[in-house]
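> Following this message is one structure expressed as structure tokens.
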2 protein chains.
Amino acid sequence: MSSANLNFNHEEYSARIGKTRAAMQARGVDVLIVSDPSNMHWLTGYDGWSFYVHQAVVLGMEGEPVWWGRAMDGLGAKLTAFMQHDNIVGYDDTYVQNPEKHPMETLAALLSERGWAQGNIGVELDNYYYSAAAHASLVGALSTAGFKDMTGLVNWQRGIKSETEISYMRRAAKIVEAMHAKIIEIAEPGMRKNDLVAEIYRTAVRGADGHWGDYPAIVPMAPSGMDATAPHLTWDDKPLKAGESTFFELAGVHRRYHATQSRTLFFGAPPKKYLDSEKAVLEAVEVGLEQAKPGNFAEDIANAFNAKLNQLGFEKDSRCGYAIGLSYPPDWGERTVSFRRGDRTELKPGMTFHFMPALWLDDGGVEITEPILITDTGVECLCATPRKLFVKD
Amino acid sequence: MSSANLNFNHEEYSARIGKTRAAMQARGVDVLIVSDPSNMHWLTGYDGWSFYVHQAVVLGMEGEPVWWGRAMDGLGAKLTAFMQHDNIVGYDDTYVQNPEKHPMETLAALLSERGWAQGNIGVELDNYYYSAAAHASLVGALSTAGFKDMTGLVNWQRGIKSETEISYMRRAAKIVEAMHAKIIEIAEPGMRKNDLVAEIYRTAVRGADGHWGDYPAIVPMAPSGMDATAPHLTWDDKPLKAGESTFFELAGVHRRYHATQSRTLFFGAPPKKYLDSEKAVLEAVEVGLEQAKPGNFAEDIANAFNAKLNQLGFEKDSRCGYAIGLSYPPDWGERTVSFRRGDRTELKPGMTFHFMPALWLDDGGVEITEPILITDTGVECLCATPRKLFVKD
């Protein structure tokens, strides 16, 4: 162990590595190349905005994991990851964004040196940070090894959160509560959207209850009016308008752990269809939450939610939730469990999700969503933000 | 053309597409699959935080480009991209993060439908948003086509900025000036780092001179003391300390266009080595800037900078600059030109760079950097932020 400033104790990192090795063994993998920054952080503590260059954590069946990346980022690895410094290996800067050669050549050399160039190498084939060119370079350099797709292997180990992880998510939940409270407090017609987002960001980073705010894996999404018929638009400087809805899809974040929550704000008396959709979403959320308990499947929540929604005259053709926790851009989801028909993942105590029953109407959107924790007996909503369509005159 | 709210006029998008097609023809490519969100935006105007799912712009040798992505994001494409709506094609939500099937199967079907499944298909093989699994899925589904690696093809077309692009970068430059001015104004020993970052964010998003601030492709990096020996750490809640340096590597952003600039703040009287390194960096920047003119090569700047730095007793073993402009996370660079030995890219009027002469010392870092524009006769620094080590008592 180094003297790095870690968010978890040694036992927790050991337990994570143990679970991951058991999963590797079950899949017939001798060494795992972890490119997902969230997985790298979860296994080692490594934290830095360096994922725009090729990097990885390499995990064999024994010994410490090895951090591999750009040499200048090795310094950050020594400051944030738990490994001894001879397990932090940097490559020369001339490999950075240079079409003449590929950094993966240096990873192949490292694997050979450490005796990891034989057997089955697991890679995260469908991760943002493991490009097609990276894979081709690595496979080309390691002709003696076999490769297996282990996309999601580490992500799935992250599903059940520890007490410490849950404590970080509770802090994040207080932060996102404060963000929504700030919106309700200060938003008014005529205000430039970016001026409102500036206050949302300020609240997010100041934090809540004395706990600091970290950056979110997705920036605030805050579309109004027709823009709110689409899910992933961000902001500009158009003024907020009377008679229009704006939804705010936000995350509070503490030490990379996210609590995600959306609310919708309407200026003036909402038209009937907004009130109807609010009512439908709230009722459907209630029946969905009733299914959120240990032993049930992820799809049970979606099926109950969708049945009630349809009964009330609305439809949603996309998933209504997904696993959340630790994350780096571009996605705050864990990319494992989805609340949708056919997802037979068993719910277990300690799992955390964004229950995300967004409805997009023909002239706007209604998002009233909850970060939730599966408990020993049922479910807990991590936030106390009032669950309703916010209306301001 | 649709009624989308665009940042550039029709002629500018046409010119971009024309340049890209000429480059495709020169490389023997019949159709190009563009996965880089910055390239997607540059070619079509599409803007949304949806790059955490598979999506692309497909550009053939005639007709409009085609936006392809998750069905729910097609709505955002209709609102932000210039194409007619039959050239915006969405896939079913069940393809999202579902190991049973891959969204690329639907892209392959689209290519077949449009007559693009023959000939040579160009792909951005080393882009974050074109994973190894995506490539395998596409190649597997299109056995009649050839594939060519066109990583960077569109990026290289983006190097010389138009007048409108430069006007956006000038606005972004005013924003990053305001961010650094805010830091100098309010930072003091004892202040929690996150409270300072909260004000930096607020200033960034409020914007400057009446122009709104967009989100940066990299969050503020603001390490202090020993943490500042590493380049890419972000922030926490540790208080700022007397006798310590903090560097602030920031971007002002307007309509996705970045002006990146770093400054370093020292509380109290800086030790001699900080003053020496300040002097060395400033002198080396001056001789580097003298080489920043049309007709010279990118490496000329690096060679002049490094020679002066070495003469003054310092060394930097990483590149000292790179192309900037339009960007999405995780990188605000264009991933084309680097200021380093061997980069023989000819400098041309309208090119924009982050001249990034950061020095990392054994107990901290010194970053005093400039966003620059190559003019008809030389170079212009886009920001008026005083170029020095900031010292506060």
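The values are calculated or read from the model by the stated rules, or taken from the named source; none is laboratory data. Remember, it's a predicted structure, so these values are computed and weren't measured experimentally. Because the Cβ atoms are built from the backbone with ideal geometry, glycine has one as well, and the counts that use them run over all protein chains shown. Just so you know, the surface numbers come from the protein's heavy atoms only, side chains and all, with ligands and any DNA or RNA stripped out. Shrake-Rupley method; radii C 1.70, N 1.55, O 1.52, S 1.80 Å.
> Per-residue Cβ counts within 10 Å, from other chains only, averaged over A:252-261: what number is that?
Partner Cβ neighbours, averaged per residue: 0.
> Just to confirm a number: summing +1 for Lys and Arg and -1 for Asp and Glu over residues other than A:Asp376 whose beta-carbon lies under 14 angstrom from that of A:Asp376, what do you get?
Computed value for this residue: +1.
> While we're here: Mind computing the radius of gyration and Dmax over the alpha-carbon atoms of region A:1-160? Å is fine for both.
Spelled out, the Cα radius of gyration and Dmax of region A:1-160 are 14.4, 43 Å.
> Need one number: convex hull volume per residue for region A:290-381, Cα atoms only, in Å³.
Per-residue hull volume (Cα only) is 101 Å³.
> Another question, if that's okay. Would you mind checking the tilt of helix B:163-186 against the longest principal axis of the Cα atoms of chain B, expressed as 0 to 90 degrees and rounded to 10?
40 degrees
> How far apart, in nanometres, would the label points at A:Lys19 and A:Ala384 be if each is projected 7 angstrom from Cα along the Cα-to-Cβ direction?
Label-label distance for A:Lys19 and A:Ala384, simple model: 3.0 nm.
> Another question about this same structure. In region A:113-259, what percent of the accessible surface is made up of carbon and sulfur (1.4 Å probe, ligands and nucleic acids excluded)?
49 percent
> Could you work out, residue by residue across B:233-245, how many beta carbons of other chains sit within 10 Å of that residue's beta carbon, and then give the average as an integer?
Counting other chains' Cβ atoms within 10 Å and averaging over B:233-245 gives 3.
> Taking Rh as the Kirkwood radius, which is the inverse of the mean 1/r over Cα pairs, what is the Rg/Rh value for chain A?
1.01
> To continue, here is another question. Helix B:272-290 against the longest principal axis of chain B: what's the angle in degrees, Cα atoms only, rounded to the nearest 10?
Around 50 degrees separate the two axes.
> Using only the alpha carbons of region A:223-306, determine the length spanned along each of the three principal axes and report them from longest to shortest in whole angstroms.
Answer, in whole Å and largest first: 47, 39, 18 Å.
> Which whole-number percent gives the relative contact order of region A:105-204, counting Cα pairs below 8 Å spaced six or more residues apart?
24 percent
> Sticking with this structure for a sec: Hey, what did region B:1-125 get for relative contact order, percent, Cα under 8 Å, at least 6 apart?
30 percent.
> Give me the percent relative contact order of region A:83-139, please, defined on Cα pairs under 8 angstrom at least 6 residues apart.
Reported as a whole number, the value is 32 percent.
> Can you give the angle from 0 to 90° between the axis of helix A:10-27 and the longest principal axis of chain A, with both taken from C-alpha atoms, to the nearest 10?
Tilt of helix A:10-27: around 80 degrees.
> Which whole-angstrom value gives the distance between the alpha carbon centres of region A:206-263 and region B:291-326?
Here the two parts' Cα centres lie 40 Å apart.
> Give the shape of the protein assembly as shown as rounded, prolate or oblate, defined through the alpha-carbon gyration tensor: a ≥ b ≥ c are the square roots of its eigenvalues, a/c under 1.5 means rounded, and otherwise the shape is prolate if a/b is larger than b/c and oblate if not.
rounded
> Now for a different question. In the Gaussian network model of chain A, springs joining C-alpha atoms below 10 Å, which of A:Val58, A:Val139, A:Val176 carries the largest mean-square fluctuation?
In this elastic network of chain A, the residue with the biggest mean-square fluctuation among A:Val58, A:Val139, A:Val176 is A:Val139.
> May I pose another question? Points 7 angstrom from Cα along the Cβ direction at B:Thr144 and A:Gln84: gap in nanometres?
In this crude spin-label approximation the distance works out to 5.9 nm.
> Also, quick follow-up: Given the DSSP H assignment, sum -39500 (n - 2.57) over each helix run of at least 4 residues in chain A and divide by its residue total; what's the result at 222 nm in deg cm²/dmol, nearest 500?
Computed mean residue ellipticity for chain A: -10500 deg cm²/dmol.
> Using the basic label-point model (7 angstrom from Cα toward the beta carbon), what is the B:Lys238 to B:Ile160 distance in nanometres?
Going by the 7 Å Cα→Cβ label model, 4.7 nm.
> Write down the percent of antiparallel bridges among all DSSP beta bridges whose residues are both part of chain A, to the nearest 5.
Among the beta bridges of chain A, antiparallel pairing accounts for roughly 75 percent.
> Same structure, new question: What's the buried accessible area, both sides, between B and A using a 1.4 Å probe, rounded to 100 Å²?
That pair of chains buries around 6100 Å² in total.
> Just to be sure I understand: with springs between alpha-carbon atoms less than 10 Å apart, which residue in B:Thr377, B:Thr264, B:Thr345 has the highest mean-square fluctuation in the Gaussian network model of chain B?
B:Thr377
> Here's a follow-up. Accessible area per residue, 1.4 Å probe, Å², for region B:250-347: what's the number?
33 Å²
> Related question: What is the extension gain from A:Asp363 to A:Ala26, computed as 0.36 nm multiplied by their sequence separation minus the C-alpha to C-alpha distance, in nm to one decimal?
Result for the pair: 116.3 nm of gain on full extension.
> Tell me, what is the 1.4 Å probe accessible area of A:His180, in Å² to the nearest 10?
Counting only protein heavy atoms, the figure is 10 Å².
> If you only keep lysine pairs separated by 8 or more in sequence, or across chains, how many in region B:257-393 come under 23 Å at the Cα atoms?
18
> Mind listing the phi-derived Karplus ³J(HN,Hα) values for region B:75-83, rounded to whole Hz, using 6.51, -1.76 and 1.60 with θ = phi - 60°, and x for any glycine or proline?
Working through the residues one at a time gives 4, x, 5, 5, 7, 10, 9, 7, 6 Hz.
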